[in-house]
Structure formats: structure tokens, C-alpha cells
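Every number in this text was worked out from the coordinates using simple rules, so none of it is lab data. Because the structure is a prediction, the values reported are computed rather than measured. Neighbour counts are summed over all protein chains in view; Cβ atoms, including those assigned to glycine, are modelled from backbone coordinates with ideal geometry.
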Amino acid sequence: MREPADGRPVILGEYIYETGATVRAAAKVFGVSKSTVHKDVTERLSKDDPVLYKQVKSVLEKNKSERHIRGGLATKRKYKGSI
């Protein structure tokens, strides 16, 4: 198994905390998979920077609580042109 790039969990964590980005959005910006971002910010970040981990965790929980709204808006945009 490959080792993670040095400092990537912290960089991803800072980005998510500062922008409020979703895991999927952060993955797109940094060119890695969403699974990699999720593993970095939930497992590796807790060991590298526990304070930042708590901050990022609150952003991820907020995003999780709002995901059904974003999904509904995406569906609305998808079908808006077909009416």
C-alpha cells in the first residue's frame, strides 16, 4: 500500500475547513478520489492535527446534514429544462 503524501491530510483539512467544501468538491480540486479525501480527513488527520480534525469534522457533519437538500436541488436543475 502506498503511503500518503506528506502533509496531504492537513492541506485537505485546511481547505475543507476554510471553504466549507464537500469531500467530493475537495477531491475534484486536488485531483484525488473522494475515498482518499475522506480517509485523509477522518483517519489520518486525527493523528496529524487533532485540533484541525475537530474543526473539519464539524464541517463534514454540516455537509452531511444538508446533503438531502443539495440532492433535491440537483434533481430540480436536471429536470427544469424538460418541463
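Residues that are within 14 Å of E61 (Cα to Cα) and either without any contact (Cβ under 8 Å) to a residue 24 or more places away in the chain or outside any helix (DSSP H, G or I) (or both) were ranked within region 9-23; the one that is farthest from the chain's Cα centre (by Cα) is G20.
Scan region 43-53 residue by residue and report those that are under 24 Å from E66 (Cα atoms) and crowded, with 16+ Cβ neighbours inside 10 Å. First the steps, then the outcome.
The initial filter retains those residues of region 43-53 that are under 24 Å from E66 (Cα atoms), namely 43, 45-46, 51-53.
Within region 43-53, L45, S46, L52, Y53 meet the criteria.
Scanning region 30-52 for residues that are assigned to a helix (DSSP H, G or I) and in contact with a Gly (Cβ under 7 Å, 6 or more places away or on another chain) gives V41, L45, L52. As a summary of the residue check, V37 satisfies the conditions (1) touching a residue at least 40 places away in the same chain (Cβ under 8 Å); (2) in contact with a Leu (Cβ under 6 Å, 6 or more places away or on another chain) except for the one numbered (1).
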